[in-house]
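Peer 1: Have a look at the structure that comes next, please.
Where a number appears in this text, it was derived from the coordinates with a stated rule and is not lab data. Since the structure is predicted, the reported quantities are computational estimates derived from the model, not experimental observations. Reconstructed Cβ throughout: ideal geometry from the backbone, glycine too, with neighbour counts over all protein chains shown.
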């Protein structure tokens, strides 16, 4: 507990110092589209981009669904190589007619994981089987060398020694092909590790599975998927393993089991404090089984983290849009802005607030609106012959300078045409003097007490938001006309930000409440 209190104090001091810096400079961190990076229509597709891998020479390997289109539609494949400006690298590439979900780099090549098999490709794009005349993995479905019954293969995590943890539903005992394991391990040569502890899943009939594997800073492991128990220990959908892969029986999931479907609970982040972030389309807690939520955080013992309010993630799109999974798919703590967590997935609203498949929240889960200002991926119009789809963001990488590379299934990002890949530049919002636009926006009286007036000279539409010092959204109002009067009587005394978004840009001003 003492260590946890020290971490809380340190994080609080870090946040205070960061925001004091931005206040003194009149600036807040924000992202804008990098106009110098463009992939054109290379990745215009239904499934979109699922993962990136960065080579030392600056090139980027991109993978996703098999309907990705490369080289003006001449090749349809699940992966391709681009240069650091987004342009196609025509010297690398091999057609692979299956969806690729993740890239695991190895010393001699890459491991591609799909929903059903593992496939290894060398650094020059040559498949392992072409080079060596056999399939690399004991679990390669369809290969004659596969002695195991692989029902599902969902996630791969590489350990430091080069071995691979495999999450899914796999029979590792050839004498008992109906006995399925949720996690098993491949050695570096692709063979089954017979010494890995048995991790049995319940139900054990092909419906149960492990979909996600996450390491924890304390050495333990967290898994999630369609199960009610691991090795007989009841813990619905989420479980904890010790560093030597034994079931931690002190961890008990708070969720209600709702079947093995993919719309249920899955881990999308284990943070630096070993807290477990979980999302699902229709999650239910045992303490309140009648209400559904879409995002929550658990403590390392499985208890609900009361410092993080459960959140609702929604998709509010036109009825004709094709439906996709709703929820958070992945997250990372921003190294450029510690204490802020970037969350991506398939959603249009976060707790009734517009957030287009991407948002940044603080440690309590409150939106830090200045990063994206409610903008993001808004549509996936991937084909003139197919119905428009709901967008999604499925992978993100933070560069050393704080820029982001975003991948998913979308055709518009921050109001600009971008197909499935976009690079964002980290910059700042000028909260004091943003050229001529700032001069058009008036806010009075300031300091305020019971109300504040806002007017925009020459503009009669926009959105006005009031944020606290942590960047959390307190009020949001549509501006219809050049003047707006807001009630501030319930705001505690202190300093606030007023963000005014118009078609010509966004300005953030300070507001003092007496």
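Peer 1: Suppose the chain between residue 400 and residue 160 were pulled fully straight at 0.36 nm per residue; how much longer would it get relative to their current alpha carbon spacing?
Peer 2: Values: separation 240, 0.36 × 240 = 86.40 nm, distance 2.26 nm.
So the extension gain works out to 84.1 nm.
Peer 1: With viscosity set to 0.692 mPa s and temperature to 37 °C, compute the Stokes-Einstein D of region 154-229, Rh being the Kirkwood radius across alpha carbon pairs; µm²/s, no decimals.
Peer 2: Here the translational diffusion coefficient equals 259 µm²/s.
Peer 1: Largest first and in whole Å, give the semi-axes of the chain's equivalent ellipsoid, each being the square root of 5 times a Cα gyration tensor eigenvalue.
Peer 2: One finds semi-axes of 42, 28, 20 Å for the chain.
Peer 1: Related question: If the chain between residue 56 and residue 146 were fully stretched, how many nm would it gain, using 0.36 nm times the residue separation less the Cα-Cα distance?
Peer 2: In short, 29.0 nm is gained.
Peer 1: So, in nm, how far is label residue 231 from label residue 41 when the simple model puts each one 7 Å beyond its Cα toward the Cβ?
Peer 2: About 5.4 nm, to one decimal.
Peer 1: Taking 0.36 nm per intervening residue step and subtracting the Cα-Cα distance, what contour gain separates residue 173 from residue 474 on full extension?
Peer 2: This chain segment gains 102.7 nm when fully extended.
Peer 1: Cα convex hull of region 268-407: mean projected area in nm², to one decimal?
Peer 2: For the Cα atoms of region 268-407, the hull's average projected area reads 9.2 nm².
Peer 1: So if R0 is 30 Å, what FRET efficiency would residue 455 and residue 309 give, r being the distance between their Cβ atoms, rounded to the nearest 0.05?
Peer 2: 0.30
Peer 1: Here is a further query. Calculate how steeply helix 2-25 sits against the longest principal axis of the alpha-carbon atoms of the chain, using the helix alpha-carbon long axis, and give the answer as 0 to 90 degrees to the nearest 10.
Peer 2: Orientation of helix 2-25: about 50 degrees from the principal axis.
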